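**Student:** My questions all concern the structure below.
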Amino acid sequence: MASNYAFFVHVITSLICTIFIVAFAGNLYQDVGITWGDGRGKIVNNGQLLTLSLDRTSGSGFQSNNQYLYGKIDMQIKLVPGNSAGTVTAYYLRSEGSLWDEIDFEFLGNLSGDPYIVHTNVYTQGKGDREQQFYLWFDPTTSFHTYSFLWNPAHVVFSIDGRPIREFKNLESEGVPYPKKQPMRLYSSLWNADDWATRGGLVKTDWNQAPFTASFRNFKANGCVLSNGISSCKSNSSSDNAWLYQQLDSTNQKRLKWVQKNYMIYNYCNDLKRFPQGLPLECIVRTNS
């Protein structure tokens, strides 16, 4: 009798565990939706993997179901392998409207063997022109790497595998606009940009290599979800909201400087030719601070 009872408990426990896994493993089904591409974007493996593809006819894209007003967003991405010249895999936060806010990762494809370029930008109230570009220090096409946004009232931090590569500080007190009022969704897309993406448009997309495919998994969002104008971040003291006050400690400041010293290939704040009437205000404030 006891053995029958133990077997019964084992069966019920296994069933409960199976139900739990099915309910919670398919986060991509719950958290994002394919928005365009006519079938070129797919969620597979019981919601654990999302792929975007590009061919001569169209690319594809997805967006998060939730809007966030501040957040810590992580996604693991494996970029287009081989000759990806002309393609762009975009991964970004953006609000709606003509005076939108936006925080961008854009991965610029390249010829086989050449390093990927990561293009970053920050828009506030519809104005961007804040580009910084980096080479990656690894091959982003052979395995998944984690790309993260930290967006809180103090700053925006772009990170790769937990290593910060760029910080955009809140300098509103100095007259620099900062994204703080408009909720943003996470978006991603894979599209053809061979008019500019690779060597300024000199290298065109080789459609014999199509379809081009990028893969996504392990979406994680610790954010203030905005629903009907109400934020989910109710308590400022909640330990779940520690990211809301997160700063760069001395270790991460050193890691940030390491990336910028060794892998940054363009910084708008150093481009005097582009801004003959004077550098943007945030560049001047940072230099003097």
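**Student:** For the condition part of a loop (DSSP other than H, G, I, E, B) and not charged (D, E, K, R), what is the one hit in Ala221, Ala197, Ala214, Ala242?
**Tutor:** Criteria check complete, one pass: Ala197.
**Student:** In region 81-123, which residues are of a type in the set (D, E, K, R) and out of contact with any His (no Cβ under 6 Å at 6 or more places or on another chain)?
**Tutor:** Hits for region 81-123 are Arg94, Glu96, Asp101, Glu102, Asp104, Asp114.
**Student:** Would you point out the residue of region 98-134, among those that are of a type in the set (D, E, K, R) and in contact (Cβ under 8 Å) with a residue 12 or more places away in the chain, that is farthest from Leu279 (Cα to Cα)?
**Tutor:** Glu106
Here's the yes/no breakdown for (1) touching a Ser or Thr at 6+ places or on another chain (Cβ under 9 Å); (2) under 17 Å from Phe219 (Cα atoms); (3) polar (S, T, N, Q); (4) surrounded by fewer than 15 Cβ atoms within 10 Å (Cβ to Cβ):
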{"site": "Asp129", "(1), (2), (3), (4)": "no, no, no, yes"}
{"site": "Gln133", "(1), (2), (3), (4)": "yes, no, yes, no"}
{"site": "Phe144", "(1), (2), (3), (4)": "yes, yes, no, no"}
{"site": "Arg166", "(1), (2), (3), (4)": "yes, no, no, no"}
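**Student:** Sticking with this one: Of all residues in region 263-276, count the ones that are farther than 15 Å from Glu167 by Cα and over 22 Å from the mean Cα position of the chain (by Cα).
**Tutor:** Residues in region 263-276 being farther than 15 Å from Glu167 by Cα and over 22 Å from the mean Cα position of the chain (by Cα): 7 in total.
**Student:** Next up: Quick one: which of Pro153, Pro140 is touching a residue at least 40 places away in the same chain (Cβ under 8 Å) and exposed (fewer than 14 other Cβ atoms within 10 Å of the Cβ)?
**Tutor:** On the way: Pro140 fails: exposed (fewer than 14 other Cβ atoms within 10 Å of the Cβ).
On inspection, the qualifying residue turns out to be Pro153.
Conditions (1) surrounded by 21 or more Cβ atoms within 10 Å (Cβ to Cβ); (2) of a type in the set (Gly, Ala, Ser), marked per residue:
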| position | (1), (2) |
| --- | --- |
| Ser84 | yes, yes |
| Thr89 | yes, no |
| Leu93 | yes, no |
| Leu99 | no, no |
| Glu102 | no, no |
| Glu106 | no, no |
| Leu111 | no, no |
| Tyr116 | no, no |
| His119 | no, no |
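**Student:** Just to be sure before I move on: is Leu79 crowded, with 22+ Cβ neighbours inside 10 Å, more than 23 Å from Lys181 (Cα to Cα), out of contact with any helix residue (DSSP H, G or I) (no Cβ under 6 Å at 6 or more places or on another chain) and hydrophobic (A, V, I, L, M, F, W, C) in the structure I sent?
**Tutor:** When the stated conditions are applied, Leu79 passes them.
Every residue, every condition in (1) touching a Leu at 6+ places or on another chain (Cβ under 6 Å); (2) over 26 Å from Gly128 (Cβ atoms); (3) modelled with pLDDT under 95; (4) surrounded by 13 or more Cβ atoms within 10 Å (Cβ to Cβ), yes or no:
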site	(1), (2), (3), (4)
Ala210	no, yes, no, yes
Ala214	yes, no, no, yes
Ser235	no, yes, yes, no
Asp249	no, yes, no, no
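**Student:** Now for a separate question. On the basis of being of a type in the set (Ser, Thr, Tyr) and closer than 30 Å to Gly82 by Cβ, does Ser250 make the cut?
**Tutor:** It is false that Ser250 is of a type in the set (Ser, Thr, Tyr) and closer than 30 Å to Gly82 by Cβ.
**Student:** Then there's this: Inspect region 255-270 for any residue being aliphatic (A, V, I, L, M), free of Cβ contacts under 8 Å to residues at least 60 places away in the same chain and surrounded by fewer than 17 Cβ atoms within 10 Å (Cβ to Cβ) and give the result as yes or no.
**Tutor:** The initial filter retains those residues of region 255-270 that are aliphatic (A, V, I, L, M), namely 256, 259, 264-265.
Remaining after also requiring free of Cβ contacts under 8 Å to residues at least 60 places away in the same chain: none.
Checked against the condition, which is being aliphatic (A, V, I, L, M), free of Cβ contacts under 8 Å to residues at least 60 places away in the same chain and surrounded by fewer than 17 Cβ atoms within 10 Å (Cβ to Cβ), region 255-270 yields no hits at all.
The values are calculated or read from the model by the stated rules, or taken from the named source; none is laboratory data. These figures come from a predicted structure and were not determined experimentally. Counting neighbours? That spans all protein chains shown, and the Cβs are built from the backbone with ideal geometry, glycine included.
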